[in-house]
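*Asks:* Mind having a look at this structure? Questions to follow.
The values are calculated or read from the model by the stated rules, or taken from the named source; none is laboratory data. If you're wondering where the values come from, they're calculated on a predicted model, not measured in any experiment. Neighbour counts run over all protein chains shown; Cβ positions are idealised from the backbone, glycine included.
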Amino acid sequence: MGLAVKENVEDDCLMGLWEIEEDFDTIYSKVSLDEEEKNTLFGFKNVDRQIEWLSVRALLNELTQRNSKIIYNQEHKPFLFDNSFNISITHSRKLTSILLSKHKQVGIDLEYMSHRINKISHKFINTDEYITSNKAFELLHFYIHWCAKEALYKICDKVNINFKDNLTIKPFEIEHAGKIKGVHHNEGLYEEFWLNYQIRDNYVIVHCCK
């Protein structure tokens, strides 16, 4: 499948989505790696992890229309080597997504939904947040909260942030796609963000640009 989505989700924010169906050789042929990148790639012993890593580079090249290199800081926050875009990256199962912007902060997360999140919801849902009492939609509500907090975590640089104590998603009712408000409150800092979510098959995708 490869590139499934390439769209401007808002002004100066470009999102791409890659559906992984290729084998290693096919997706490897889509990228051009330097020696440092090859060492990183072949340092992964699991071929699925290698394909996932390659899908990020293949998608990035499709979005930027050139061979682009990703570097990371000490908090594992990604940057482009030439600083041409701010970047956020996410992956789950067979989907990889990237959000790019020249001038805005960006954060994106996607997750494949399973019932495992029910067991850890108490670790990231706080008392100011609303979860539906309708069991048919409870799982989806949890995942939208989780992905939204992951996107906020990324946009706020991943520093000294506790998902339960420092991030709050304002109450909302579930739709197939929508806009929600998130708050980052930490050590006297208070920031509000608008996040967009969508459901694609059994995945939840949330992105934010500011």
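*Asks:* Is at least one residue of segment 38-48 under 12 Å from His91 (Cβ atoms) and out of contact with any helix residue (DSSP H, G or I) (no Cβ under 8 Å at 6 or more places or on another chain)?
*Replies:* Yes.
*Asks:* Can you tell me which residue is surrounded by the fewest Cβ atoms within 10 Å (Cβ to Cβ) among those in segment 46-89 that are in a strand (DSSP E or B) and out of contact with any Lys or Arg (no Cβ under 8 Å at 6 or more places or on another chain)?
*Replies:* Tyr72
*Asks:* Among the residues of segment 1-45 satisfying the criterion of being assigned to a helix (DSSP H, G or I) and of a type in the set (Val, Ile, Thr), which is farthest from the chain's Cα centre (by Cα)?
*Replies:* The initial filter retains those residues of segment 1-45 that are assigned to a helix (DSSP H, G or I), namely 24-28, 35-43.
When the remaining residues are screened for being of a type in the set (Val, Ile, Thr), the result is 26-27, 40.
Working: Thr26: 24, Ile27: 21, Thr40: 21 Å.
Checked segment 1-45; the qualifying residue farthest from the chain's Cα centre (by Cα) is Thr26.
*Asks:* What pairs come up if the first residue lies in segment 186-201 and is assigned to a strand (DSSP E or B), the second is at pLDDT below 95 and among the basic types (Lys, Arg), and their beta carbons are under 9 Å apart, counting only those six or more places apart or on different chains?
*Replies:* If the second residue must be at pLDDT below 95 and among the basic types (Lys, Arg), the pairs left are Glu191/Lys210; Phe193/Lys210; Trp194/Lys210.
*Asks:* Of these, Leu95, Leu99, Leu110, which one is in contact with an Asp or Glu (Cβ under 8 Å, 6 or more places away or on another chain) and surrounded by 12 or more Cβ atoms within 10 Å (Cβ to Cβ)?
*Replies:* One residue alone meets the criteria, Leu95.
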